[in-house]
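Notes for the one structure printed next.
The values are calculated or read from the model by the stated rules, or taken from the named source; none is laboratory data. What you see is a predicted model; the values in this text were computed from it and never measured. No Cβ is skipped: glycine too gets one built from the backbone with ideal geometry, and neighbour counts run over all protein chains shown. Accessible surface is based on the protein model in full, side chains and every heavy atom, while ligands, DNA and RNA are left aside. Shrake-Rupley method; radii C 1.70, N 1.55, O 1.52, S 1.80 Å.
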Amino acid sequence: MKFVGLIGTNAKKSTNRQLVAFMQREFAALAEIELLEIKDVPMFNETQDQTNSEVIQRLNSKILAADGVIIATPEHNHSIPSALKSVLEWLSFNLHPFDGKPVMIVGASYDVQGSSRAQLHLRQILDAPGVNATVMPGNEFLLGRAHQAFDDQGNLKDQRTVDFLESCFRKFVRFTEVANLLNVPEEVVYEPGEYTVTAPGHNGDLPMVVKLSEERIEAIDIDTSGESEGIADVVFVRIPQEIIEGQTLNVDAISGASVTSNGVVDGVAKAVKMAGANPDVLRKRPKAASALQTEDETYTTDVVVVGGGGAGLSAAASVLQANKDVILVEKFPAIGGNTVRTGGPMNAADPKWQNGFSALPGERSALEEVLTIDEQEIDAEYLPDFKALKAQITAYLSETTPEKEYLFDSALWHRIQTYLGGKRKDLNGQPIYGKYELVKILTDQALDSVKWLEEIGVEFDMNNVDMPVGAKWRRGHKPVKNEGYAFVSALHQFVKEHGGTILTDTPVKELLIEDGKVTGIIGEGRNGQKVTIHAKAVILASGGFGANTKMLKQYNTYWTEIEDDIKTSNSPAITGDGIKLGESAGADLVGMGFSQMMPVSDPNTGALFSGLQVPPANFVMVNQKGERFVNEYESRDVLTQAAIDNGGLFYLIADEEIKKTAYNTSQEKIDKQIAAGTLFRSETLAGLAEQINVDPAVLEATVAKYNSYVDAGKDPEFGKDVFDLKVEKAPFYATPRKPAVHHTMGGLKIDPQTHVLTKEDQIIEGLYAAGEVAGGIHAGNRLGGNSLTDIFTFGRIAGKTAVAEHLE
């Protein structure tokens with residue numbers, strides 16, 4: 001029989017070490033005992049997982065291979081030492097070698113009582129869930145006054161003590177033989193068939209069909225309609241793959257989607273039980289081999305792209321279109337970044353298409369107001385474009401009438417709106433506006449980006465022209481498929497089909513720099529392994545820092561306050577990594593103090609598409625008194641500040657007809673949210689008011705006034721001048737909203753070719769940036785719908801430039 005003796009201290013001299021060494025010699029005829037030291041084990045730190053370190057893996061493998069474990073514990077402050085506590089935490093965090101393992105506890109102490117209290121504490125730890133050791137009951141061996149108990153050869157002096165220790169040890173040998181019978185793997189036999197089950201997901205139940213043969217889990221088919229498309233997709237791919245690969249339910253939940261991950265595992269467990277087998281047996285099986293890979297990896301490619309959102313995928317696709325090799329690395333388990341979380345409308349002026357739509361009430365007056373702007377207020381580089389725009393608007397107004405007019409637009413109108421929409425002053429009165437060369441590219445090449453995406457495989461809905469929140473004009477090209485997933489799925493498919501490599505779960509830790517040139521990256525794999533990629537060029541497309549509250553507060557120069565617990569609509573992966581990487585290569589930063597809040601976010605999650613998210617022309621925003629408080633057609637920062645000034649929480653009021661204009665929802669989702677109390681519905685406005693705790697008379701009066709403004713096409717209270725529908729057809733709805741962090745305008749300084757620049761405006765050779773990781777375009781405020789235009793336009797440019805400069 002083979003035991004391991006765990007020395008429960010990192011002290012150089014220890015009577016506990018002497019005790020186990022004595023047992024090793026004295027009882028060699030009964031069992032082999034190998035001593036295991038813990039002096040090199042790091043202190044436990046959950047945020048710096050060292051599970052795969054050599055010392056912890058060695059302890060794990062030795063304990064797993066042993067028939068039983070002897071743990072010798074000293075006593076420190078009536079408990080076990082911190083060094084032993086750390087070992088047990090490491091061996092119950094991601095590894096579980098003690099599960100079902102027979103354990104004997106011994107201890108030596110200077111005190112006459114030995115280590116009785118430490119042994120009691122240790123027994124409680126070993127019995128705890130996650131450790132689940134099988135501890136031998138009774139028969140505690142407590143060696144008191146241990147400093148006097150051994151002779152010069154390390155042998156116990158007192159024969160009665162030796163006899164009692166031998167008695168305990170012999171009982172442990174027999175206990176081990178019996179206990180290990182329980183560890184013989186239970187035979188798993190299923191009743192073959194297809195089992196339909198449900199498990200809780202993030203947005204409701206997940207219907208699943210689990211196909212079982214007599215000996216295997218053969219297939220897991222999941223109905224994903226209840227989850228956000230693209231966001232949770234990795235769960236529905238990786239979790240079933242690992243279950244089937246390892247025939248195990250010992251699968252780690254995926255960061256950012258733990259509820260859904262556990263829902264899938266629990267659903268399969270239900271099916272296993274329905275098929276007559278014990279799911280606990282599968283939970284104790286080893287993880288799938290793919291989840292345990294720890295070897296370092298090295299790759300060589302033409303271009304490496306950091307970040308798997310829209311900008312990164314566009315850059316990768318552009319490289320592949322030039323017939324060059326590309327590797328895209330993404331820190332999260334799934335690609336998509338913030339792109340997969342967007343509503344979908346992408347700004348691009350396309351007059352030929354837009355002119356086919358009638359103008360909405362108020363759009364004509366918005367154009368007329370442009371003609372009244374003092375040219376002295378326009379910065380010099382934008383002034384020629386502003387004058388040309390005024391000529392376009394004048395011509396439009398002269399050839400149309402308020403009774404018969406079409407939707408006007410042009411690249412110049414898009415450019416000036418982007419410029420004016422981003423022109424802001426910080427808290428110190430310092431002005432900022434978008435860099436002309438970058439804004440010109442954004443607006444001139446926007447339509448080319450739409451056409452390029454169509455070639456890639458994105459299908460746009462040409463029957464509607466959309467305007468997301470804070471866009472200021474209807475020029476949004478919205479995909480037919482849901483949300484931003486339409487872009488991500490098409491680009492992902494293109495990259496895969498054209499030979500691109502995508503590595504997920506690979507955060508980049510540093511740039512490779514040789515003689516001032518960026519030549520690759522060093523990342524960290526899923527299990528801590530080092531991933532090195534050598535390349536001719538590196539494109540940073542890792543997004544901004546909207547999910548990094550500390551960084552937001554550090555750089556903020558715009559908002560009077562950013563709460564510590566502020567919600568965000570961003571992916572948890574968007575923490576400023578690419579900005580820090582760029583800085584490490586000497587990059588300059590621009591506009592870092594300006595972040596954007598999404599005023600119409602879910603108050604509990606920060607998400608965009610709960611409740612009824614409708615076009616701004618149909619926004620009716622009321623505060624907690626039931627009163628309107630802002631021009632709903634304003635920019636996002638104006639809407640956010642107004643919401644903050646009114647207590648943060650407010651409601652979007654809608655009726656049955658306005659409901660039909662809501663983005664990315666269904667009647668099933670609406671009904672679930674009403675049942676959950678996150679969306680309110682009533683057959684009367686008075687009833688709705690009672691549900692949201694406002695005075696019914698106030699809400700009714702507010703809606704009546706708003707409806708009169710829709711009829712008049714003008715809002716004398718707040719100046720809203722673009723309207724669509726009135727609030728008049730029951731049932732009526734109230735969607736709770738509250739501002740959340742949505743976008744960070746600042747980032748790495750780039751030029752029109754996407755080179756990353758130093759403070760001296762020098763190009764950092766081999767380094768490019770595109771998307772939210774770069775600054776200089778949106779300045780103090782980003783127009784809704786411009787982020788998609790940004791990422792696809794500059795992502796394409798980055799890929800093309802990298803190829804042209806380093807691979808041709």
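Across the range 639-649, coupling constants 3J(HN,Hα) worked out from phi with the 6.51/-1.76/1.60 Karplus curve, θ = phi - 60°, read 4, 5, 4, 5, 5, 4, 5, 10, x, x, 6 Hz, and Gly and Pro carry x. Each Lys and Arg adds +1 at its Cβ and each Asp and Glu adds -1 at its Cβ; summed about the Cα centre, the range 599-738 shows a dipole of about 280 debye. Taking R0 as 60 Å, what FRET efficiency do you get between residue 82 and residue 462 from their Cβ-Cβ distance, rounded to the nearest 0.05? Step by step, r from the Cβ atoms, then E = 0.35. Expressed as a whole percent, the accessible surface of the range 274-415 that belongs to carbon and sulfur atoms is 50, based on a 1.4 Å probe.
Placing +1 on the Cβ of every Lys and Arg and -1 on the Cβ of every Asp and Glu, with no other charges, gives the range 358-492 a dipole of roughly 220 debye about its Cα centre. Which far-off residues, 5 or more places away or on another chain, put their amide H under 5 Å from the one on residue 601, with H placed in the peptide plane? Amide H to amide H, under 5 Å and 5 or more residues apart or across chains, residue 601 pairs with 738, 740.
Stokes-Einstein diffusion for the range 88-163 at 10 °C, viscosity 1.306 mPa s, with a Kirkwood radius from C-alpha pairs, works out to 115 µm²/s. For residue 107, the residues whose modelled amide H falls within less than 5 Å of its own, excluding neighbours fewer than 5 places apart on the same chain, are 73, 141, 143.
Between the residues 210, 591, 23, the greatest Cα displacement towards the positive end of the dipole of the chain, with unit charges on the Cβ of Lys, Arg, Asp and Glu, is found for 23.
Taking every alpha-carbon pair under 8 Å whose residues sit at least 6 apart, the chain reaches a relative contact order of 13 percent. Taking the Cβ of residue 628 as the center, what net charge do the other residues with Cβ under 15 Å away carry, scoring Lys and Arg +1 and Asp and Glu -1? Net charge around residue 628: -3. Tell me which of 484, 503, 470 sits at the most positive position along the dipole axis of the range 452-535, charges placed on C-beta atoms (Lys, Arg +1; Asp, Glu -1). The Cα lying farthest towards the positive end belongs to 470. Under 16 Å of direct C-alpha separation, and excluding same-chain neighbours fewer than eight residues apart, residue 352 reaches these lysines: 451. Restricted to Cα atoms, the range 2-183 shows a radius of gyration and a Dmax of 15.4, 49 angstrom. Protein-only accessible surface at a 1.4 angstrom probe places the residues 121, 78, 477 in the order 78, 121, 477, largest first. Each other residue within a Cβ distance under 14 Å of residue 218 adds +1 if Lys or Arg and -1 if Asp or Glu, for a net charge of -4. Phi angles across the range 786-792 convert, under the Karplus curve 6.51 cos²θ - 1.76 cosθ + 1.60 with θ = phi - 60°, into 3J(HN,Hα) values of 7, 5, 5, 4, 4, 5, 6 Hz, Gly and Pro given as x. Dipole magnitude for the chain: about 1480 debye, using +1 per Lys or Arg Cβ and -1 per Asp or Glu Cβ, origin at the Cα centre.
Restricting attention to the chain, close to 60% of DSSP beta bridges with both partner residues there are antiparallel.
Dividing the mean sequence gap of close Cα pairs (under 8 Å, 6+ apart) by how many residues the range 2-183 holds gives a relative contact order of 22 percent. Take every pair of alpha-carbon atoms less than 8 Å apart whose residues are at least six positions apart; their mean separation over the length of the range 508-655 yields a relative contact order of 17 percent. Ranked by the mean number of other Cβ atoms within 10 Å per residue, highest first, peptides 737-747, 754-764 order as 737-747, 754-764. Using the Cα gyration tensor of the range 637-746, with a ≥ b ≥ c the square roots of its eigenvalues, what is the shape: rounded (a/c below 1.5), prolate (a/b larger than b/c) or oblate (neither)? Because its axes are fairly even, with a/c under 1.5, the range 637-746 counts as rounded. Compared with the dominant principal axis of the Cα atoms in the chain, helix 159-179 is inclined by about 50°.
Hey, what angle do you get for helix 383-399 against the long axis of the chain, alpha-carbon based, 0 to 90 degrees rounded to 10? Its long axis makes an angle of about 60 degrees.
Pairs with C-alpha atoms separated by more than 30 Å, drawn from the list 425/481; 331/440; 287/496; 509/553, are 425/481; 331/440. Axis of helix 116-127 versus longest Cα principal axis of the chain: the two differ by about 50°, to the nearest ten degrees. All distinct Cα pairs of the range 510-638 go into the 1/r average, and the inverse of that average, the Kirkwood radius, is 17.9 Å. Structure note, pairs 567/705; 387/435; 625/738; 62/284; 12/85: Cα-Cα distances above 21 angstrom occur for 567/705. The packing ranking of peptides 142-148, 536-542, 300-306, highest mean first, is 536-542, 300-306, 142-148, where packing means the average number of other beta carbon atoms within 10 angstrom of each residue.
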